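The values are calculated or read from the model by the stated rules, or taken from the named source; none is laboratory data. Treat the numbers as computed from the prediction; the structure is a model and nothing was measured. Counting neighbours? That spans all protein chains shown, and the Cβs are built from the backbone with ideal geometry, glycine included.
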Amino acid sequence: MKPTVGRIVYYTSKHGDGVVSPAVVLRTRESTVPGVIERWGPAPDGTASGTARAAGLVAELPDDSTLDLLVHGLGGDYREYAVPQSPTPETGHWNWPPRDPAPTITHGRFASDC
């Protein structure tokens, strides 16, 4: 699956507590607008608003699986920049939420008909 802006992923806190929180993808390498950060002044959200660059914000993400995230933590929302992917929950990384198994399909009007 390809991460795209607006998708929900899981983020494992890098503060040592291992808390897993949902996060919205804010920026991918593909969604980065070339030259915007350098030309107009860096902004926390990667746009040309001209505000100060947030700590950790890079002009271009290094690969297609590194993301900028808006994390919905228990204490409030916060941003994490240049977060790498991990196939399983790992401190300071994002991963895809697990999928529920496919529902059982019955053939008949009632489950007892099967």
Any pair with Cβ under 9 angstrom, 6 or more apart, that starts in the range 81-92 at a residue that is farther than 14 Å from Thr66 by Cβ and ends at one that is at pLDDT below 95 and surrounded by 15 or more Cβ atoms within 10 Å (Cβ to Cβ): Thr91/Ser13
Conditions (1) at pLDDT below 90; (2) of a type outside the set (Asp, Glu); (3) assigned to a strand (DSSP E or B) -> Val33 fails only (3)
